[in-house]
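The next block holds one structure in the form of structure tokens; read it before the comments.
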Amino acid sequence: AGLALVHLRAVDPLVLLAAMAVVWVADIAAYFVGRAIGRRKLAPGISPGKSWEGALGAVVFVVVYGFVVTYGWPQLGLPSPSGVSGVLGLAAGLVLITAVSIVGDLFESMLKRQRGVKDSGSLLPGHGGVLDRLDSLIAAAPVFLLGWHGLAG
């Protein structure tokens with residue numbers, strides 16, 4: 001994950017920011033959609049606050065974000081896939097990155113639950129610790145990098 005982040009930064013700081021923003025959009029959308037309409041628990045034994053509706057909201061918002069950034073801001077220089085297969089590939093990649101980020105979040109929650117702790121540290125009070133802020137990014141960064149290389153060639 002660290003190497004992926006360093007490599008994305010070397011490609012372009014905006015590419016690194018885009019990768020981080022994918023994870024942030026997913027986390028924020030999952031939280032608010034889950035709070036608003038979440039009924040079915042995603043993994044109640046690991047993280048009782050997460051819902052399937054929140055996960056679906058994360059996917060929808062990430063795909064919208066990804067298309068807006070990719071096609072709406074050509075000055076960023078991001079590769080813009082063309083044709084049906086390119087567009088579907090971009091959407092599939094964004095869905096995969098979102099799913100991996102959710103799994104990363106759940107994995108960190110599982111580790112905390114196994115250790116019997118609420119937070120992974122006290123450096124960021126009320127935020128679950130530093131690891132809780134980075135869990136999704138740690139999981140998603142390598143997948144984003146692979147997708148970037150697939151798009152950029």
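The values are calculated or read from the model by the stated rules, or taken from the named source; none is laboratory data. Computed from a predicted model, the values in this text were never measured in an experiment. Positions of Cβ are generated from backbone atoms using ideal geometry, with glycine treated the same way; all protein chains shown enter the neighbour counts. What goes into the accessible areas is simple: the full protein's heavy atoms, side chains included, and nothing from ligands, DNA or RNA. Shrake-Rupley method; radii C 1.70, N 1.55, O 1.52, S 1.80 Å.
Among the residues of the range 52-71, write down those that are of a type outside the set (Phe, Trp, Tyr), open to solvent by 50 Å² or more (accessible area, probe 1.4 Å) and at pLDDT below 95.
68
Residues being open to solvent by less than 50 Å² (accessible area, probe 1.4 Å) and either outside any helix (DSSP H, G or I) or at pLDDT below 60 (or both): count how many of those fall in the range 121-142. Give the steps one after another, and end with the answer.
Start the filter on the range 121-142 by keeping residues that are open to solvent by less than 50 Å² (accessible area, probe 1.4 Å), which leaves 121, 128-129, 132, 135-137, 139-142.
In the following step, the residues that additionally are either outside any helix (DSSP H, G or I) or at pLDDT below 60 (or both) were identified as 121, 128-129.
Going through the range 121-142 one residue at a time, the tally reaches 3.
Can residue 41 be described as farther than 22 Å from residue 144 by Cβ, charged (D, E, K, R), surrounded by 13 or more Cβ atoms within 10 Å (Cβ to Cβ) and touching a strand residue (DSSP E or B) at 6+ places or on another chain (Cβ under 7 Å)?
Details: farther than 22 Å from residue 144 by Cβ: yes; charged (D, E, K, R): yes; surrounded by 13 or more Cβ atoms within 10 Å (Cβ to Cβ): yes; touching a strand residue (DSSP E or B) at 6+ places or on another chain (Cβ under 7 Å): yes.
Yes; evaluated as a whole, the condition is true for this residue.
In the list 30, 43, which residue meets the criterion of being closer than 24 Å to residue 110 by Cα, in contact with a Leu (Cβ under 7 Å, 6 or more places away or on another chain) and of a type in the set (Gly, Ala, Ser)? Give the derivation first.
Working: 30 fails: in contact with a Leu (Cβ under 7 Å, 6 or more places away or on another chain).
Sole residue among the options that is closer than 24 Å to residue 110 by Cα, in contact with a Leu (Cβ under 7 Å, 6 or more places away or on another chain) and of a type in the set (Gly, Ala, Ser): 43.
List, please: which pairs have Cβ atoms under 7 Å, are six or more places apart or on different chains, and start with a residue in the range 121-143 that is closer than 18 Å to residue 29 by Cβ and end with one that is at pLDDT 70 or above and of a type in the set (Gly, Ala, Ser)?
Short answer, once both residue conditions are applied: 135/104; 136/26; 136/101; 136/104; 139/101; 139/104; 140/101; 140/104.
Out of the residues in the range 106-120 that are small (Gly, Ala, Ser) and buried (at least 16 other Cβ atoms within 10 Å of the Cβ), state the one that is modelled with the highest pLDDT. Step through it out loud before you land on a result.
In the first step, residues of the range 106-120 are kept if they are small (Gly, Ala, Ser); the result is 109, 116, 120.
Narrowing the set further to residues that are buried (at least 16 other Cβ atoms within 10 Å of the Cβ) leaves 109, 120.
Values: 109: 85, 120: 59.
Among those residues, the one meeting the criterion is 109.
Looking at the structure I just gave you, is residue 18 surrounded by fewer than 21 Cβ atoms within 10 Å (Cβ to Cβ), more than 12 Å from residue 102 (Cα to Cα) and at pLDDT below 95?
The answer is yes for residue 18.
Please give the number of the condition residue 12 fails out of (1) closer than 15 Å to residue 148 by Cβ; (2) surrounded by fewer than 19 Cβ atoms within 10 Å (Cβ to Cβ); (3) at pLDDT 90 or above.
(3)
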